[in-house]
1. By the gyration tensor of its Cα atoms, with a ≥ b ≥ c the square roots of the eigenvalues, what is the shape of the stretch 186-298: rounded for a/c under 1.5, prolate for a/b over b/c, or oblate?
2. Between the stretch 272-322 and the stretch 194-258, what is the C-alpha centre distance in whole Å?
3. What does the helix-only formula give at 222 nm for the chain: each DSSP H stretch with n ≥ 4 adding -39500 (n - 2.57), the total divided by the residues, and the result rounded to the nearest 500 deg cm²/dmol?
4. What size of dipole, in debye to the nearest 20, comes out for the stretch 186-298 about its Cα centre when the only charges are +1 on Lys and Arg C-beta atoms and -1 on Asp and Glu C-beta atoms?
5. Taking the Cα centre as origin and putting +1 on Lys and Arg beta-carbons and -1 on Asp and Glu beta-carbons, what dipole magnitude results for the chain, to the nearest 20 debye?
6. Near Q221, within a Cβ-to-Cβ distance under 12 Å, what is the net charge of the other residues, with Lys and Arg +1 and Asp and Glu -1?
7. Of the beta bridges DSSP finds with both residues in the chain, what % are antiparallel, to the nearest 5?
8. Which Cα, out of I236, T289, G206, lies furthest along the positive dipole direction of the stretch 186-298 (beta carbon charges, K/R +1, D/E -1)?
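Quick note: the coordinates plus some simple rules give every number you see, no bench work behind them. The shown structure was predicted, so the numbers you read here are calculated from the model rather than taken from an experiment. Backbone-built Cβ (ideal geometry, glycine too); neighbour counts: all protein chains shown.
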Amino acid sequence: MNLIDSIVTQAAGIAAVRREIHAHPELCFQEVRTADLVAAKLTEWGIPIHRGLGQTGVVGIVKGRDGGACGRAVGLRADMDALPLQELNRFPHASQHAGKMHACGHDGHTAMLLAAAQHFAKHRNFDGTVYLIFQPAEEDGGGAREMIREGLFELFPMQAVFGMHNWPGAPVGTFAVSPGPVMASSNDFKITIRGKGSHAALPHNGIDPVPVACQMVQAFQTIISRNKKPVDAGVISVTMIHAGEATNVVPDSCELQGTVRTFTLDVLDLIEKRMEEIARHTCAAFGATCEFEFRRKYPPTINAEREADLARTVMTEIVGSERVLLQQPAMAAEDFAYMLQAKPGAYVWISNGDGAHRDMGHGEGPCTLHNPSYDFNDDLIPLGASYWVKLAIRALESIAA
């Protein structure tokens, strides 16, 4: 692999920082300790910082040999927050805070970008500016959206922005990137069916919302199979049904909740429209009424073709073309999508391995994302940081072309 020597040399120190972050996880918009650590490291290396976007966000500002005079700039983004999950690992750097865990590798994402920052602090062999974006609240908090709302791209004008996420399963030393949609939109719904309670032995005296809910759940799947085009991806999952308090009582109401995932807004518009029509008309057919709530959260993550090709070129230079895989779109969601709505860029995956890297004392579960036995693979730090540095330089050069 074609790694940057200075990053390899410093990787053990950055790995120690990563484990420090892992041991002290913080949930969305609570990343005070993590942000303090990031800010301290950047300041120690002589990199100016801006703090406070999205409450706890940190932006490092690295000017090239021209002092940024050319006006070209790119952004590199890492997320900092943890998950509300009880860690099962027992190794020394396991979470010290009950119910909080870095189970998605954001500690590693932060570490890889810090390793790149440490290199940039000493080697500014480029023209332009690299913005190092340490973002809070990716896990359902919309931290990217909040940083943008508070002026991220006005305060730090850039022509492109890039993100990276570790991906368990594939061998360490492989990357994945593709143009177009790579992660889905994330949306929640809640439907409250209002019927009329009665004695369960005398159901004709009431309007039972439970069979209404059953009809509704089944009918929603016809949107996927009969309303949208078969080649368009879409998922409707009803994940919660709540009704009743006693076995001999027909309840007054029944509540459905769940999630919708799509790769395009057109399909999302169709699904939302048809779900509301089915919900209201099904209730009407049974003499019930409903309250329909649909909350759009993260949009789909869509890579720009030019920036995805640029990322692939850099990956190929580092690991070889045979180890740069096609990025298979995932129905999980990612709030880096907001940044890609505002700026061209690419969101890529760096493989985290199969879990064999974990220290003694890890939990019994697999090393998969959002699993209580997960741990980031520190072998990725020099690889990911080398990618960040080479990508930023190549991206700045391509802006000039």
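1. It comes out prolate by the Cα gyration axes.
2. 24
3. Per the formula, -11000 deg cm²/dmol.
4. For this selection, approximately 300 debye.
5. 600
6. +3
7. In the chain, DSSP labels about 70 percent of beta bridges as antiparallel.
8. Among I236, T289, G206, the one farthest towards the positive end of the dipole of the stretch 186-298 is I236.
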